[in-house]
Every structure is written in structure tokens, then in C-alpha cells.
Amino acid sequence: MLTDLTQASYLKLGMKKRVKLFARSKAQKGKEEILGLSELQNALEGYGGNSVISIIQKDAVYSIEMDQEAALHAKEKLILTTRSGGMLQLKFHRGTGASLLPPPNQNTELSHTGLNKVEIVHGEHPKVSGLFIFNNFISESEESQLLQIISGTKVWNDINGGGGIQPVRRRVTHFGFEFDYAIRRCDPQKPVIPLPEWLKCSSDKRNIIELLNARVNSVLKTNTWGTDQLTINEYTPGQGIPPHVDTHSAFYDGIASISIGALSTMRFAPEGDKLKQQDVLLSRRSLAIFTGEARYRYTHGIPQRRSDFVAGLGVVARETRYSLTFRHIKRDEVLSCPDCPSSVMCDLSDNYTIYNGEARYQ
């Protein structure tokens, strides 16, 4: 069961610009559902960094105090479900001395309060080691062609973004080899639909697969990387993906992702450290390549929200975006991750740490 906050009231408490929210978890008949405080906090902070001031839990009731603007952004499209399919209802407190604010007009310019501003970067990223961004990797006509083909595909699977409190299930499809979200890897003995021909002869008569392989090999300074697996994710406004690393032992160094349809912000954090996280802009038609530390050490994820704050553009409302993520899978019988730069993030290491209390790797 799902609920959103489209009918919620808005409050301004004094001059602190904070709001208080009240939440009661309603599970299936005769049962009481308790959610982890960290899950609830992470879901809310996806709309404004460290915006949650306090959460007080008593049984299945939560009292939440957070930044006003972040709460307004969360309200736009926050859909919460419990692990067992129950429903979490959030309402704004009507506290003493609070004055009601009218719901924002959709035509009014969005506020950037609570959003981290992201800069447009081309080439090697100055703050995330091993991350490379190449803007306009494909042309507008190629993007239009890919959007027409992908949006019309009927070969979609619905997946949850990682358990706990998540947005509406997003759609995903695979080529070459299917990614198994249960074991967080591909089975090289079970190929599926080959890489699509429409990537090998674009509207501009270019072979995007060959161009992508050449660009990744140039970044890695090698000639052995060649994509054989493609995952396409659909992100509607408000959807995201939890922080994770692609499984070390499943894929070679070099993960490449093309963004089409809309821009978005991806959040990187060294070994999941929120105090050192860095937001990165993924522009339309851009190619992002994760190598070295960006591939193995940094978690990456997309905050669940409906807008991004972009330098030079202001606040940009999210639209439906598709990511085409290309990997080179390992076919070795013996799993390995030689010269791993981060043992705590490596699935083969004795120092492997379950990120933030639950598996976030894929």
C-alpha cells in the first residue's frame, strides 16, 4: 500500500523555518509495523542533505522535526512503503503558534534551499577520484532515437530499489547477461538478449558500442575492455537508487553509463561516508565512466527527489530519465578482485562491511 503527501498542510514555526511532521505506521490488520529510524531518516534526507533535526519514535508513532524547505521538497513526491507492504502516513503538525502556508504554485520558481548545487564538469572530476564525465557523448538525434526505442519497449522488469522505504518500483531491462539482484552479479553461463543492434548503427550512422569501448579503454589506458552487458533503468520524477557499489568480483574495472531524457544528480561517498559525500551532475547525453576509486571505493546513488540545483540553470525539475549502464563481466571460474583499493567495500574481503546496516551492493 502506498501514500503520498499531496494533501499535506505546510507550517512555518516561528523564525526557525522548521516543520514538525507526525507519522503513524499502519500495517496489515492485527499487525504493527516498526520501521528503522535510519531508514526513515535516509528517505527524508534524500530531499535536502542533513535536513532532519530529530526523530522521536514511540511504538509505531514518529515525531519528526526537519528543515522547512526540505520538507516541502519531500512533500512533492514522497511515497513510502514498509517492508511487509504496510503504509506509512505522514502529516504536518498543527502546533501552537504555527501559521499555515499555502501549497506552492507549480508555476512559481522552485526554491533551492536544502539542495546541493552541482557544477557542470567535463573530463576527469576534480573531487571524485577515478570519475570521468563526457558531455554530449551522443548527439540530440541519437538521444531522440534511443528515447523512442526504449520508451516503447515491452521488455521491462519491475524492481524495488533496495528494501526498506523506497519510491514506486522502477523499471529495468537487461541485454547480454541479466543482472541477478539476489546475488548481485551476472551468470556468465546464462546469456540473454544480445546487445541491441540499434546501438551499433545510430541515427547518425555511428556504432555507439564501438565508440563507448574506445572511450573506456582510453580512460583505463588499455585495449582489453569491451562491454558485454547492458542494464537500462527508468527513473521517473521522485525516483532514485540507494547508495551502492557494483560488485567487485562480478565486473572488471570500468563502469560506463549514458544518461538520456533528462539530467540528474548522482551522489558519491568514499566508503559510504556521508560527511564526505559529493554530488555530481549527469547531463543529458553525457557518458560517465567509473574507474579506480570511483568504481571500487565510492558508493554512488541517486537521491529521491523531484528537482536538482544546477549551477547556471538554477533549480531544474526532474523529468523521466533513462540510464544505459555498460559493464564488462568476469567469466573466471574463481572469483577475484586483484589489487582492490577498498577492502571494506569488496565482496571477497574478510573486511567486507555491510553498508549502512543492510546490503546495498549491486
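Against the 2.2 N^0.38 Å scaling, with N counting residues, where does the range 214-358 land? I'd like the Cα-based Rg ratio to two decimal places.
Compared with the compact-globule rule of thumb, the range 214-358 sits at 1.08.
Exposure proxy for 221, 276, 330: other Cβ atoms within 10 Å of each Cβ, ordered fewest to most, give 221, 276, 330. Can you tell me how much longer the chain between residue 127 and residue 144 gets when fully stretched, taken as 0.36 nm per residue apart minus their C-alpha distance, in nm with one decimal? Gain on stretching residue 127 to residue 144: 3.0 nm.
Between residue 252 and residue 205, full extension at 0.36 nm per residue minus the direct alpha carbon distance yields a gain of 14.0 nm. Between residue 180 and residue 217, what is the label-point separation in nm under the 7 Å Cα-to-beta-carbon projection? Taking the two extended label points, one gets 3.1 nm. Cβ crowding within 10 Å, taken as a proxy for footprinting-reagent exposure, orders 204, 347, 308 from fewest neighbours to most as 204, 347, 308. Note on residue 348 and residue 275: the extension gain reaches 23.7 nm, defined as 0.36 nm multiplied by sequence separation minus the Cα-Cα distance.
Anything over 21 Å Cα to Cα? Flag those among 117/274; 190/221; 117/276, in the order listed. Don't skip to the answer; put the middle values down first.
Details: 117/274 16 Å; 190/221 30 Å; 117/276 15 Å.
Cα-Cα > 21 Å for 190/221; rest within.
Ranked by how many other Cβ atoms sit within 10 Å of their own Cβ, fewest first, the residues 186, 337 fall in the order 337, 186.
Values quoted throughout were computed directly from the atomic coordinates according to the rules given, and no laboratory measurement underlies them. Worth saying up front: this structure is predicted, and the values here are computed from it rather than measured. Quick reminder, even Gly has a Cβ in these numbers, built from the backbone with ideal geometry, and neighbours come from all protein chains shown.
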